[in-house]
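Please read the structure below before turning to the comments.
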Amino acid sequence: MIHVGVNGYGTIGKRVADAVAAQPDMTVSGVAKTRPNYEAEAAVRRGYDLYAAIEDRADAFADAGLEVAGDLDALVEASDIVVDCCPSDIGAKNRPVYEDHDTPAVFQGGEGADVADVSFNARSNFEDARDADYVRVVSCNTTALSRVIAPLEEEYGIEKVRVTLVRRSGDPSETGRGPVNDVLPDPVSIPSHHGPDVNTIFPDVDIDTLALKAPTTLMHTHSLNVTLAAEPDEDAILDLLADESRVFTIPETADIDGAGKLKDYALDAGRPRGDLWENCVWAESVGMEGPDLYLFQNVHQESDVIPENVDAIRAMVTDVDAAESVERTNEALGVGLESLFDVRGDREAVPVDD
Ligand SMILES: NC(=O)C1=CN([C@@H]2O[C@H](COP(=O)(O)OP(=O)(O)OC[C@H]3O[C@@H](n4cnc5c(N)ncnc54)[C@H](OP(=O)(O)O)[C@@H]3O)[C@@H](O)[C@H]2O)C=CC1
Ligand SMILES: O=C(OP(=O)(O)O)[C@H](O)COP(=O)(O)O
């Protein structure tokens with residue numbers, strides 16, 4: 001059993017803890033918080049040992065009626081591996097604590113790539129994290145791009161990737177973030193950080209990314225144009241994506257037109273927190289113009305990196321291979337949303353001349 005500590009119990013940390021708890025070969029050794037807010041109370045209610053991330057704030061937990069099991073050092077000591085889910089740049093500051101204990105750690109995509117030896121995506125470079133002490137799971141957007149780039153690169157070869165990302169401005173719980181009434185080029189100059197981040201996974205892929213921030217909270221939206229080294233038809237692309245367990249192709253018949261209905265569908269499907277661990281690609285958007293592939297996909301920023309964190313742990317501290325780890329993770333969580341509809345929708349209904 002792998003004892004996993006979670007340092008930073010916010011949007012990502014709470015989901016990582018639940019995903020770890022669901023794995024047959026892992027257990028949560030505890031979660032660390034800086035203060036006794038609603039998330040701390042929920043962590044205790046879920047049965048996780050609570051640790052005070054900042055030692056001199058431990059009394060605040062006791063004052064609020066929450067028992068703490070110790071400080072950050074104690075959590076690291078109790079863990080075989082730590083998943084650091086602290087806000088951007090705090091992970092890098094925590095690394096010396098993990099080093100002092102000789103404890104491997106997984107960092108998140110808000111950290112610079114240099115926080116770890118390896119930037120990780122389970123579909124693309126699982127083996128690079130084998131036995132590594134420090135691994136960074138790339139950000140939600142980079143994870144989603146990697147999941148599409150990997151099969152396209154393997155099957156057809158890629159000449160060039162161009163992506164425009166419309167990013168949600170903040171998570172639903174981030175009530176203080178904006179813009180509230182604007183759409184901002186962010187950054188206004190190209191590239192956004194996503195292209196260079198994809199190159200930490202695929203060093204040779206030629207990619208340009210532009211990003212905007214929109215006043216929404218539910219999901220990011222990507223508009224992709226990939227120039228392939230071959231000219232497959234749309235059905236071949238749909239078949240290729242159908243084989244990817246972490247890509248959900250939205251059938252036309254489902255009448256899902258955006259993030260609102262996607263999240264509603266996830267809740268109807270019984271997903272915890274309405275999470276969508278998979279990329280959500282609109283089948284109707286998959287179009288080929290010569291070697292140019294076009295598609296739209298939505299990315300649930302709060303959850304698509306969660307299965308990747310679980311796989312990173314296995315790559316680092318077990319000898320389980322990529323396929324086995326992904327299958328275990330998927331099965332334990334229920335990743336692999338499959339519609340009962342024919343994914344090709346109307347395409348299939350069009351008579352084909354033999
Ligand atoms: N949200 C997203 O869409 C995604 C985020 N990421 C990345 O994941 C990382 C975490 O992001 P996210 O979960 O959104 O952030 P959150 O702010 O939601 O959660 C992080 C939590 O860490 C706690 N914290 C702050 N300082 C410390 C500290 N010194 N020690 C321990 N805990 C601390 C805070 O809670 P408190 O102070 O109450 O204890 C905070 O709630 C970032 O690198 C981010 O870029 C990656 C993919 C998607
Ligand atoms: O990892 C994310 O986005 P990113 O891939 O654009 O860096 C998350 O959505 C966090 O983004 P934020 O920095 O807007 O909170």
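The values are calculated or read from the model by the stated rules, or taken from the named source; none is laboratory data. Given the structure is predicted, the values throughout are model-derived calculations rather than measurements. Note: ideal-geometry Cβ built from the backbone for every residue, glycine included; neighbour counts use all protein chains shown. Areas reflect the complete protein model, heavy atoms only, side chains present, ligands, DNA and RNA absent. Shrake-Rupley method; radii C 1.70, N 1.55, O 1.52, S 1.80 Å.
Ligands, DNA and RNA excluded, the heavy atoms of F296 present near 100 Å² of accessible surface to a 1.4 Å solvent probe.
Where a ≥ b ≥ c are the square roots of the eigenvalues of the C-alpha gyration tensor, would you call the stretch 109-149 rounded, which needs a/c under 1.5, or, failing that, prolate if a/b is larger than b/c, or oblate? It is oblate, given that a/c is not under 1.5 and a/b is not larger than b/c. On the chain, 47 percent of the accessible area sits on carbon and sulfur atoms, based on a 1.4 Å probe. Which FRET efficiency, nearest 0.05, do D100 and E289 yield, Cβ-Cβ r, R0 56 Å? With a Förster radius of 56 Å, E is 0.50. Counting only alpha carbon atoms, the long axis of helix 306-317 and the longest principal axis of the chain meet at about 60°. Sorting the Cα pairs of the stretch 81-140 by distance into bins of 10 Å, from 0 upward, gives 26, 58, 15, 0 percent per bin.
Calculated on C-alpha atoms, the gyration radius of the stretch 106-256 divided by its Kirkwood radius gives an Rg/Rh of 0.98. Counting every Cα pair in the stretch 31-104, what percent are over 22 Å apart? Beyond 22 Å sits 19 percent of the P(r) for the stretch 31-104. Angle of helix 322-333 to the longest C-alpha principal axis of the chain, folded into 0 to 90 degrees and rounded to 10: 70°.
Each pair of Cα atoms in the stretch 126-212 enters the Kirkwood radius, and Stokes-Einstein at 37 °C and 0.692 mPa s then converts it into a translational diffusion coefficient of 223 µm²/s. Highest mean packing first, where packing is the average number of other Cβ atoms within 10 Å per residue, the peptides 297-304, 2-9 line up as 297-304, 2-9. Between D257 and E154, the simple label model (points 7 Å from Cα in the Cβ direction) yields a spacing of 3.6 nm. If you take the beta carbon distance between D171 and D233 as r and set R0 to 51 Å, what does 1/(1 + (r/R0)^6) give as a FRET efficiency, to the nearest 0.05? Given R0 = 51 Å and the Cβ-Cβ separation, E is 0.85.
Candidates Y48, M26, C140 compared by Cα position along the dipole of the chain: farthest toward the positive end lies Y48, with charges placed on Cβ. For the stretch 98-218, with the dipole built from +1 on Lys and Arg beta-carbon atoms and -1 on Asp and Glu ones, taken about the Cα centre, which of V106, G170, V180 lies farthest toward the positive end? Of the listed residues, the answer is V180.
Return, ordered by residue number, the residues of the stretch 206-228 whose backbone nitrogen is under 11 Å from a label point located 7 Å along Cα→Cβ of D182. Under 11 Å, as judged by backbone N against the label point of D182, lies no residue of the stretch 206-228. With the helix formula -39500 (n - 2.57) applied to DSSP H stretches of n ≥ 4, the chain reaches a computed 222 nm mean residue ellipticity of -9000 deg cm²/dmol.
Alpha-carbon geometry of the stretch 207-259: the Rg and the Dmax are 14.1, 38 Å, given in that order.
Of the GluC sites (Glu not before Pro) found in the stretch 103-176, those in coil by DSSP whose Cβ has at most 15 other Cβ atoms within 10 Å are E174. Helix 259-268 and the longest principal axis of the Cα set of the chain meet at an angle near 70°. Here the stretch 59-123 and the stretch 141-176 have alpha carbon centers that stand 26 Å from each other.
Taking the Cα centre as origin and putting +1 on Lys and Arg beta-carbons and -1 on Asp and Glu beta-carbons, what dipole magnitude results for the stretch 195-334, to the nearest 20 debye? Write out the running numbers ahead of the final one.
Details: 8 positive and 30 negative charges, 168 e Å.
Dipole size: approximately 800 debye.
Rolling a 1.4 Å probe across all protein chains gives S223 an accessible area of roughly 50 Å².
Tell me, what is the per residue accessible area of the chain in Å², probe radius 1.4 Å?
Working: 15310 Å² over 354 residues.
For the chain, the solvent-accessible area averages 43 Å² per residue.
Diffusion coefficient of the stretch 1-136 by Stokes-Einstein, Kirkwood radius over Cα pairs, 25 °C, 0.890 mPa s: 165 µm²/s. Seen from all directions on average, the stretch 226-299 presents a Cα convex hull projection of 5.1 nm². The distance from the alpha carbon centre of the stretch 211-257 to that of the stretch 17-34 is 31 Å, rounded to a whole number.
Dipole check for the chain: with +1 at the C-beta of Lys and Arg, -1 at the C-beta of Asp and Glu, and the Cα centre as origin, the magnitude is about 1400 Debye. Rounded to two decimals, the Cα-based Rg/Rh of the chain, with Kirkwood Rh, is 0.98. Accessible surface comparison of R162, R246, probe 1.4 Å, protein chains only, largest first: the order is R162, R246. Which pairs break 30 Å Cα to Cα here: K93/K261; K93/K263; K14/K263; K93/K160; K160/K213? Check vs 30 Å cut-off fails for K93/K261; K93/K263; K93/K160.
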